[in-house]
1. Answer yes or no as to whether residue 167 is assigned to a helix (DSSP H, G or I) and polar (S, T, N, Q).
2. List every residue pair whose Cβ atoms lie under 8 Å apart, where the two residues are 6 or more positions apart in sequence or sit on different chains, the first residue falls within the range 94-107 and is closer than 16 Å to residue 56 by Cβ and polar (S, T, N, Q), and the second residue, located anywhere, is open to solvent by 60 Å² or more (accessible area, probe 1.4 Å) and part of a strand (DSSP E or B).
3. Of the residues 120, 127, 110, only one is in contact with a Leu (Cβ under 8 Å, 6 or more places away or on another chain), open to solvent by 40 Å² or more (accessible area, probe 1.4 Å) and free of Cβ contacts under 8 Å to residues at least 60 places away in the same chain; which?
4. If you take the residues of the range 234-283 that are surrounded by 12 or more Cβ atoms within 10 Å (Cβ to Cβ) and β-branched (Val, Ile, Thr), which of them is modelled with the lowest pLDDT?
5. Go through the range 189-231 and count every residue that is open to solvent by 10 Å² or more (accessible area, probe 1.4 Å), modelled with pLDDT of 90 or more and either touching a Gly at 6+ places or on another chain (Cβ under 7 Å) or not in a helix (DSSP H, G or I) (or both).
6. Which pairs have Cβ atoms under 8 Å, sit 6 or more apart or on different chains, and link a residue in the range 60-72 that is more than 17 Å from residue 162 (Cα to Cα) to one that is open to solvent by 20 Å² or more (accessible area, probe 1.4 Å) and assigned to a loop (DSSP other than H, G, I, E, B)?
7. Which of (1) loosely packed, with under 12 Cβ neighbours inside 10 Å; (2) in a strand (DSSP E or B) is the odd one out, the single condition residue 143 does not satisfy?
8. State all residues of the range 59-77 that are more than 20 Å from residue 151 (Cα to Cα), open to solvent by 10 Å² or more (accessible area, probe 1.4 Å) and in contact with a Phe, Trp or Tyr (Cβ under 9 Å, 6 or more places away or on another chain); if no residue qualifies, say none.
Amino acid sequence: MKQNLKNLKTCSKTSQRSSIYTNVYEVIDRYYPNLVFFYFQGGRGKGKTYSTLKESLNRITPDNKLFYVRRTDRQIKACTKAISNPFKAINKKENKNIIMKTTEDLSLILDISDEDNPELLGYGGSLSTFGNMRGADFSDVGIIFFDEWINLSPVNTLKDEAYLFFNLYETIARNREMDSEKPPLCIFCSNAETINDNMIRTLKLSKPIMEIATSEKEYGVYIDEDRLLYYEMLPNDGEFEKKKKETALYRLTKGTRYFDMAVENNFTKDFFGDIKRYRLNEFNPYVAYENVYFYVHKAGGWLYATYRKCNCPHYYERTMKQFKRDYGYRFMQEVEGGTIRYMNYDVKMDVINIF
């Protein structure tokens, strides 16, 4: 897989917005119309969801409807209530009356401005239940918007979330490209709290995102043209952030983790200080779990996790319980104590998600 690492940088043409609010379609239309999968991560209230929904509505035709995605069925059902309607702000500012209505299998996005003749604008669904819809026909969907794709709750974790989304996309896209049709455009938006996410791990995006997050600019763009993929960490030093810092809540919370996440775009749940490459001749092989290999430092006795193979006891998912019985206590001590080191952030996330 070719990765366009030369594009891992601050990109002036995407960081210079025409407004203090984010308009994701400004990036898509003006600069990268040939890409398909767009990931945007940044502070709260920058307009990611609002602009995506508003501009998507402007593009809706009978053959180009919107599919709105959330992680869980509970989140989608909440959107059907007036207080949690994702179109609430658009309705107020644009004098519209767009709602989400629950049906047996999924939700409908309806414009009920004319109550006698409601207009179907699209659909809503969740990763947790969409598997039941594999036989459905979504050939009229041209835009998929996955809102708040990052999972922030250890309680609401779904197994293989990335693959659940891939199956959702395949169900909607079907064989369009085989028939010389355009694939559905897909937009992901989330706040910048963590990159410890199944989608990021599966797509191997943690390394470029970590490089962006630890750069002096703390924002930038990563593009992989072979995979039709665009990732942007939204700028945190613009006019929006300057005005946001002067509002009541952010004057109150300055110096807190919440402020760092919401305004500074810092990944407050992540730590990158234990990421470093070492020479393996300084270590002895210890144990392996799936594709992660652990070594013990000859002098210090601490653990180093890497993908570099070695001859050692090897455990797999099917023997996870035995692995935890044999080695779990030491690993928990090292992980909790912060003494373990990792070759890169992908390895770190793999280790953390073992336990």
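1. It is true that residue 167 is assigned to a helix (DSSP H, G or I) and polar (S, T, N, Q).
2. Listed pairs, sorted by first residue: 107/101.
3. Exactly one residue qualifies, and that residue is 120.
4. Checked the range 234-283; the qualifying residue modelled with the lowest pLDDT is 268.
5. Result for the range 189-231: 2.
6. 62/140; 63/139; 63/140; 64/140; 65/140; 66/60
7. Of everything listed in (1) loosely packed, with under 12 Cβ neighbours inside 10 Å; (2) in a strand (DSSP E or B), residue 143 misses just condition (1).
8. Matches in the range 59-77: 59, 65.
The values are calculated or read from the model by the stated rules, or taken from the named source; none is laboratory data. Please read these numbers as outputs of a predicted model, since none were measured by experiment. Glycine also receives a Cβ, built like all others from the backbone with ideal geometry; neighbour counts cover every protein chain displayed. Note: accessible area is taken over every heavy atom of the protein model, side chains too, but ligands, DNA and RNA are not part of it. Shrake-Rupley method; radii C 1.70, N 1.55, O 1.52, S 1.80 Å.
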